[in-house]
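In what follows, a structure is listed as structure tokens, so that the remarks can point back to it.
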């Protein structure tokens with residue numbers, strides 16, 4: 001059953017809590033939903049098999065959550081505040097958190113905002129490059145709003161995603177364009193003071209600078225062979241690395 005948390009700026013953030021102890025907060029990436037990212041790829045089931053619950057969020061602008069159309073409504077810190085609202089709504093004082101792609105930046109922003117609320121952190125599908133700004137905010141927005149050919153983005157990993165959005169039902173392209181502009185206007189929160197793991201595919205161009213990112217985060221780096229930005233998420237190796245990491249005790 002979908003529940004909703006209310007944010008400080010009056011938005012409704014949709015989430016589903018799946019049963020199990022010590023729920024892991026799961027944070028999806030750009031232009032998808034919590035269910036598509038974490039349920040369809042087997043993560044909710046994998047967590048349940050080791051006795052862990054999960055809280056699967058739809059970020060603002062995505063899924064069943066509120067979708068403001070102003071770029072000022074989107075930043076890593078604002079979206080991190082949405083995660084905090086969900087934790088508050090569920091009465092969770094501290095949680096393990098897992099993010100992927102844009103969800104990794106939001107998860108890192110949550111650590112910066114309230115480090116006491118994050119026990120351990122797994123981030124995936126990121127390096128040191130903010131993709132929207134790198135490939136051009138105007139070009140990405142044009143592909144979303146004006147029907148511009150995503151091929152104009154060249155070999156950008158965003159191109160196939162933007163092309164597929166044209167056929168996807170229920171997508172709010174205006175909200176996604178606002179998200180692109182808003183997120184790109186802020187620096188990446190590339191720091192962590194909680195135990196962190198970074199998981200990337202070795203064939204994923206989005207993760208350029210992965211070694212530097214892991215060093216900046218003080219993170220354990222896991223590189224999965226022959227995996228790209230899409231296939232990394234569902235890889236068995238991702239689960240085999242992340243699940244034991246989340247079970248480890250935190251040194252005090």
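Here are the numbers for the structure shown:
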| read-out | value |
| --- | --- |
| Residues located in segment 222-233, provided they are at pLDDT 95 or above and surrounded by fewer than 17 Cβ atoms within 10 Å (Cβ to Cβ) | 225, 226 |
| Complete set of residues in segment 114-132 that are buried (at least 17 other Cβ atoms within 10 Å of the Cβ) and in a helix (DSSP H, G or I) | 117, 131, 132 |
| Residue list for segment 33-47, filter: in a loop (DSSP other than H, G, I, E, B) and either crowded, with 23+ Cβ neighbours inside 10 Å or at positive phi (or both) | 42 |
| Subset of segment 63-90 (residues that are assigned to a loop (DSSP other than H, G, I, E, B) and either farther than 17 Å from residue 100 by Cα or at pLDDT 95 or above (or both)) | 64, 65, 66, 67, 68, 69, 70, 74, 75, 90 |
| Search result, residues across segment 214-233 that are in contact (Cβ under 8 Å) with a residue 40 or more places away in the chain and within 18 Å of residue 121 (Cα to Cα) | 216, 217, 219, 232, 233 |
| The listed residue being in contact (Cβ under 8 Å) with a residue 60 or more places away in the chain and more than 29 Å from residue 72 (Cα to Cα), out of 204, 172, 211 | 204 |
| Index of the failed condition, residue 134 passing every other in (1) under 19 Å from the mean Cα position of the chain (by Cα); (2) over 19 Å from residue 33 (Cβ atoms); (3) modelled with pLDDT of 90 or more | (3) |
| Count - residues of segment 198-213 that are crowded, with 21+ Cβ neighbours inside 10 Å and either part of a strand (DSSP E or B) or over 17 Å from the mean Cα position of the chain (by Cα) (or both) | 4 |
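The values are calculated or read from the model by the stated rules, or taken from the named source; none is laboratory data. Not measured: the values here are computed from a predicted model. Neighbour counts are summed over all protein chains in view; Cβ atoms, including those assigned to glycine, are modelled from backbone coordinates with ideal geometry.
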